[in-house]
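Take a look at the structure set out below.
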Amino acid sequence: VCLQHEKPFEGINGSGKHDNWSLSTDTGRNLFKPGSTPRQNAQFLLFLTAFIKGVDEYQDMLRATVATPGNDHRLGAQEAPPAVVSIFLGSDLSAVVDSIINDTTMKGAKKRSINIGVDVMPPIPQDNTDRNRTSPMAFTGNKFEFRMPSSSQSIADPNIVINTIVADVLSDMADQLEKAEDLSMAIHDMIKNTMRKHYRILFNGNGYSEEWVEEAKKRGLPNIKCMVDAIPALVSDKSVTMFEKHGVFTRAELESRAEIMYETYAKTLHIEGLTMIDMAKKQILPACLRYQSHLAESLINIKKATPDLDVSVQESLMKDIQNNVTDLYAGIGKLEDAVHQAEKIEDACSQGHFYHDVVSAAMDRLRAPADRLEMLVSKNNWPLPSYGDLIFEV
C-alpha cells in the first residue's frame, strides 16, 4: 500500500518531495554554475543574489505553496526541514558572500579557485558544498533544492512562485543596471548591498535546533507552523502586486486559490475527525471493554482458585485501562462537539482556523488515551495494526 500522507506515523520519518530548481539560457548555459571567465562569474553572483533576495522578500509566499494538512505534521520533524524558510549555501560559497559584503580577501578555500578577473570581487571557489538535510532551501552545486514540498502535492505551485519572484527581482536589477555608466562597479555594488540587506535568510547550521528557532525570530524570519496561518500570504497586497505585474495571477485568481485552500483544510480535518470518532467508538472502545471483561473474569477465577494469591498486577492493569477508557470516552464526546461546531461556520477562513485550533486539538487529546491503551491491551484483542505490524512486519 502506498501512503501519500506526509506524516502517517508519529515519531517516524515523514514523506515529502525535493524540488530541484535552476535557471538556464536558451543555449543551455546554467546561470547558477560558476564559470571560467570574469563575465560568467559576475553573472553567477548576480543571479545568486537575485535568488536570495527573492526568497527573503517572499518567504511567506513560498511557505504557503507547501501548505497542506499533512505537511503541518511533517515540517520540523524527523529529517524534514523546519517551517522557517532559510537558504543553505555551504561553507565556501558563504565565505564568498562574506568577503563581498565586508570587502575582504577570502580565506580558507580548500579547492581550486576560479579567478573572476575583477579587482573588486574575490575569487570564487568551485563547488565545495555538503548536503545539510535540515535546510529547506539548499544550494547544491549548480541548483537550489527546495525540500519543503509535501509528498501529496504537485511541485507546480512552488515553481510558479520561485519563477515569479526571481523574475521580479531580475526585472528590477535590469532596470538599474541598464542605466549604469560603469557596469562592473554597478554589479559589484548591487551584489554587495543586496547580499548585506538579505543576509538574514542565509543559514548553514542545524535547522532542528531550538537555538535556530530563537535566532530566526531575532532575524525577523517568520515561523509559520500551520496551513491556515500560511494561506494569507497568497493574497497580501505585495503578492497580488507582483503576480499582476508579471501577468501570472490576478487578485481574483489568488483569492480563489486561498478560498480553495481553506476549504481543503477544513474538509480534510472534517473527514479525519469523523474517521477518528468512528474508529474510537466502533473499534477501540469495544475492544478495550471486551478485554476489561476478560481481565475481570480472569481475576474472579484466580481469586476463587487461590484466594491468598497476590493479584495487585491484574488490579493495577484493570485500573489503568479503566482510567484511559474513561478519558477515551470523554475525548470522543469533545471531538464530536468540536466537529459539529465547525460544520456550522460559514466563513472559510474562520472555519479553517476553528478546525486547526479546536478540532485538531481535540483529535490530539483523543489520540493520547488511545495510544496508551494500545500498550495496555493484548495484541490479540487490539482491533488495529500496531506500529510493529505496519512498519517492521511487512
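Here are some values of mean projected area of the Cα convex hull in nm²: (i) 25.6; (ii) 19.8; (iii) 18.3. Which one was computed from this structure?
This structure yields the entry labelled (i).
Please work out the C-alpha center-to-center distance from segment 164-217 to segment 25-85 and express it in whole Å.
Distance between centres, Cα-based: 11 Å.
Say R0 is 41 Å: what FRET efficiency, to the nearest 0.05, do His270 and Asn30 get from their beta-carbon distance? Could the numbers behind the result be given before it?
Values: r = 46 Å, r/R0 = 1.11.
Once rounded, the FRET efficiency stands at 0.35.
Quantify, in whole percent, the carbon and sulfur part of the accessible surface of the chain (1.4 Å probe; protein heavy atoms only).
Details: 10360 of 20000 Å².
Carbon and sulfur together cover 52 percent of it.
Calculate how steeply helix 183-197 sits against the longest principal axis of the alpha-carbon atoms of the chain, using the helix alpha-carbon long axis, and give the answer as 0 to 90 degrees to the nearest 10.
Here the helix axis deviates by roughly 30 degrees.
Per residue, how much accessible surface does the chain expose to a 1.4 Å probe? Answer in Å², no decimals. Walk me through the numbers before you get to the answer.
Working: 20000 Å² over 394 residues.
Per residue, the chain has 51 Å² of solvent-accessible surface.
With the contact rule set at Cα under 8 Å and sequence spacing of 6 or more, what percent relative contact order holds for segment 283-394?
Working: 68 pairs, mean separation 42.5, N = 112.
Answer for segment 283-394 is 38 percent.
Which angle from 0 to 90°, rounded to the nearest 10, does the C-alpha axis of helix 312-343 make with the longest principal axis of the chain?
Taking Cα atoms only, the helix is inclined about 60 degrees.
Tell me, what is the percent relative contact order of the chain, built from C-alpha pairs under 8 Å that lie six or more residues apart? Intermediate values should be presented prior to the final figure.
On the way: 534 pairs, mean separation 69.6, N = 394.
Computed value for the chain: 18 percent relative contact order.
So, counting K/R as plus one and D/E as minus one, what does the shell of residues with Cβ under 10 Å around Met137 add up to?
Numbers: positive: Arg147; negative: Asp19, Glu145.
My count for the surroundings of Met137 gives -1.
If you stretched the chain out fully between Glu315 and Ile391, how much longer would it get, using 0.36 nm times the residue separation minus the C-alpha to C-alpha distance? Don't jump to the answer; show the numbers that get you there.
On the way: separation 76, 0.36 × 76 = 27.36 nm, distance 3.24 nm.
Extending this stretch completely gives an extra 24.1 nm.
Percentage of Cα-Cα pair distances in segment 297-376 greater than 14 Å, rounded to whole percent?
Working: 2199 of 3160 pairs.
That tail contains 70 percent of the Cα-Cα pairs.
Sequence-distant or interchain residues sharing an amide H contact under 5 Å with Thr140, placed H: which?
HN-HN under 5 Å from Thr140: Glu145.
Dipole of segment 1-62, Cα-centred, from +1 at each Lys and Arg C-beta and -1 at each Asp and Glu C-beta, to the nearest 20 debye?
On the way: 6 positive and 7 negative charges, 79 e Å.
Taking the Cα centre of segment 1-62 as origin, the dipole is about 380 debye.
Roughly how many debye, to the nearest 20, is the charge dipole of segment 263-386 about its Cα centre, given +1 on each Lys and Arg Cβ, -1 on each Asp and Glu Cβ, and no other charges?
Details: 13 positive and 18 negative charges, 98 e Å.
Magnitude of the dipole: close to 480 debye.
Report, to the nearest 10°, how far helix 360-376 tilts away from the longest principal axis of the Cα atoms in the chain, using its own Cα long axis and a range of 0 to 90°.
Between the helix axis and the principal axis of the chain, the angle is about 50 degrees.
Between Asn20 and residues 5 or more places away or on another chain, which pairs have amide H atoms under 5 Å apart, with H built 1.01 Å from N, and which residues are they?
Phe146
Is it possible to state the helix-based mean residue ellipticity at 222 nm for the chain, with each DSSP H run of 4+ residues giving -39500 (n - 2.57), the sum divided by total residues, to the nearest 500 deg cm²/dmol? What is it? Please list the in-between numbers first.
Working: 14 runs with 211 residues, N = 394.
Result for the chain: -17500 deg cm²/dmol, rounded to the nearest 500.
May I ask you to derive the FRET efficiency for Arg219 and Leu376 from their Cβ-Cβ distance with R0 = 45 Å, giving the value to the nearest 0.05? Write down the numbers at each step before the final one.
Working: r = 46 Å, r/R0 = 1.02.
With R0 = 45 Å, the Cβ-Cβ based efficiency is 0.45.
If you place +1 on the Cβ of every Lys and Arg, -1 on the Cβ of every Asp and Glu, and leave all else neutral, what size is the dipole of the chain about its Cα centre, to the nearest 20 Debye?
Details: 42 positive and 54 negative charges, 178 e Å.
Dipole of the chain, to the nearest 20 debye: 860 debye.
The values are calculated or read from the model by the stated rules, or taken from the named source; none is laboratory data. Note that the structure is predicted; figures quoted are calculated from it, not measured. All Cβ positions, even for glycine, are placed from backbone atoms using ideal geometry, and neighbour counts span all protein chains on display. Quick note on the areas: whole protein, heavy atoms, side chains included, nothing else; ligands and nucleic acids left out. Shrake-Rupley method; radii C 1.70, N 1.55, O 1.52, S 1.80 Å.
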